[in-house]
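Data first, discussion second: the structure below is written as structure tokens.
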Amino acid sequence: MEVTVFTVRLARQDDAPKLPAIERSAAQVFRRIPALAFLAEDEPSLSEADHRACIEQELCWVAVDSADTPCGFLSAELNGRDLHIVEVSVEARAQGAGLGRALLREACDYARTHGMARVTLTTFRSVPWNAPFYERLGFREVLPEHESHLAGKVRQEEASGLPPGSRCAMVMVL
């Protein structure tokens, strides 16, 4: 059995067209959860243009295979002294290989190196590969009403059709 080796690097502009397809592939795992199965058919949360903007700011990392083909990404944005993770996706064929952890490690290293106070994100509270995964990496759930930026994100996500109460805000203090 051939072992695929993955590495993480900053995304380049020529990676941007490939990233929405990675998010679509990653979303197929939601078919396992009837209440969220619709996400497998939804449009990606980030467009190619959104990815290009993150790439331009050097806030997008990709996990690539030995042929330098992206199979996972993390896109982020700055919010004051926080790095906010907008989306982490790993395509179905590469899930379970540690790429999500590697991408998060890279983003957290970036935040530390640039003197940021925290890394923030919003995610599904009870999906095993969401909030519980982030908790194992050191993120803690916060009440969004104490974090106006995160409260706005959660409200926006619920307004876009995600089940009310299903999302939470999480923070890792650096």
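The values are calculated or read from the model by the stated rules, or taken from the named source; none is laboratory data. Note that this is a predicted model, so its numbers are computed, not measured. Note that each Cβ is placed from the backbone with ideal geometry, even for glycine, and that neighbours are counted across all protein chains shown. Note: areas computed on protein heavy atoms with side chains; ligands, DNA, RNA excluded. Shrake-Rupley method; radii C 1.70, N 1.55, O 1.52, S 1.80 Å.
If you wrap region 60-116 in the convex hull of its Cα atoms and look at it from every side, the mean projected area works out to 3.9 nm². Longest stretch of the chain clear of exposed loop sites (GluC sites (Glu not before Pro), DSSP loop, at most 14 other Cβ atoms within 10 Å, sites excluded): 59-174.
For region 1-134, the per residue solvent-accessible surface stands at 49 Å², with DNA, RNA and ligands left out and a 1.4 Å probe. Surface listing: Trp61, Trp129 arranged by accessible area from highest to lowest gives Trp129, Trp61, probe 1.4 Å.
Charges were assigned to the Cβ only: +1 to each Lys and Arg, -1 to each Asp and Glu. The resulting dipole of the chain about its Cα centre is roughly 540 debye. When the trypsin sites (Lys or Arg not before Pro) in region 1-48 are filtered for DSSP coil states and for at most 13 other beta-carbon atoms within 10 Å of their beta-carbon, the remaining sites are Arg12.
Expressed as a fraction of 2.2 N^0.38 Å, the rule-of-thumb size for a compact globular protein of N residues, what is the C-alpha radius of gyration of the chain? Taking N as the residue count of the chain, the ratio is 0.98. Sorting Asp68, Asp82, Asp14 by accessible area puts them as Asp14, Asp68, Asp82; the probe is 1.4 Å, largest comes first, and only protein heavy atoms count. Taking the Cβ of Gln28 as the center, what net charge do the other residues with Cβ under 10 Å away carry, scoring Lys and Arg +1 and Asp and Glu -1? Residues close to Gln28 contribute a combined charge of +1.
For region 87-172, state the average projected area of the convex hull of the C-alpha atoms over all orientations, rounded to one decimal in nm².
Orientation-averaged projected area of the Cα hull: 6.0 nm².
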